[in-house]
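Asks: After the structure tokens below, expect a handful of questions from me.
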Amino acid sequence: MARFPFNDLHSFKDYVGFVKMCSSTKFPLREGLGPDEQWSLDLAFEGLRYGLKLAIEEKGERPVFTECQELVEKAYNQYREGQRREGFFTLEQVQKLLRKVPSQ
């Protein structure tokens, strides 16, 4: 099984929604994987960072991706500080920005 459930910008957009809906305590169990590979806030945000890296490789450097990277870090810190509502809305901003980038 792939470490993250996406391999391009199009499927990464869905992943952002998954993280938004599940952070920070509602992640589903990953069947067939050990405890070190279960969803956690850290793993989910590692996926967001990786997905943005893939998006840059696929589409090239764009200001929108830089903005998304900053928002992802902001959301991560919000979730870590227990500000789930704020983190949710910050990830929603990431989703809205990524929707403007054509994919597939």
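Asks: Given the conditions (1) more than 21 Å from ARG84 (Cβ to Cβ); (2) in contact with a Leu (Cβ under 6 Å, 6 or more places away or on another chain); (3) not in a helix (DSSP H, G or I), which single one is not true for SER24?
Replies: Every listed condition holds for SER24 apart from (1).
Asks: Now, a different point. Name every residue in the stretch 9-36 that is within 15 Å of GLN95 (Cα to Cα) and in contact (Cβ under 8 Å) with a residue 40 or more places away in the chain, in order of residue number. Walk me through it before giving the result.
Replies: Just the residues of the stretch 9-36 that are within 15 Å of GLN95 (Cα to Cα), to begin with: 9-23.
If the condition is that a residue be within 15 Å of GLN95 (Cα to Cα) and in contact (Cβ under 8 Å) with a residue 40 or more places away in the chain, then LEU9, HIS10, PHE12, LYS13, VAL16, GLY17, VAL19, LYS20, SER23 are the ones that fit.
Asks: Say we look at the stretch 37-58 and pick out the residues that are part of a loop (DSSP other than H, G, I, E, B) and in contact (Cβ under 8 Å) with a residue 12 or more places away in the chain; which of these is surrounded by the most Cβ atoms within 10 Å (Cβ to Cβ)?
Replies: Filtering the stretch 37-58 down to residues part of a loop (DSSP other than H, G, I, E, B) leaves 38-40.
Among the residues that remain, those that are also in contact (Cβ under 8 Å) with a residue 12 or more places away in the chain are: 39-40.
On the way: TRP39: 18, SER40: 15.
Within the stretch 37-58, the match that is surrounded by the most Cβ atoms within 10 Å (Cβ to Cβ) is TRP39.
Read-outs: derived from the displayed coordinates by stated rules, not from any lab. Bear in mind the structure is a predicted one, so any value in this text is a computation, not a measurement. Positions of Cβ are backbone-derived with ideal geometry, glycine not excepted, and every protein chain shown enters the neighbour counts.
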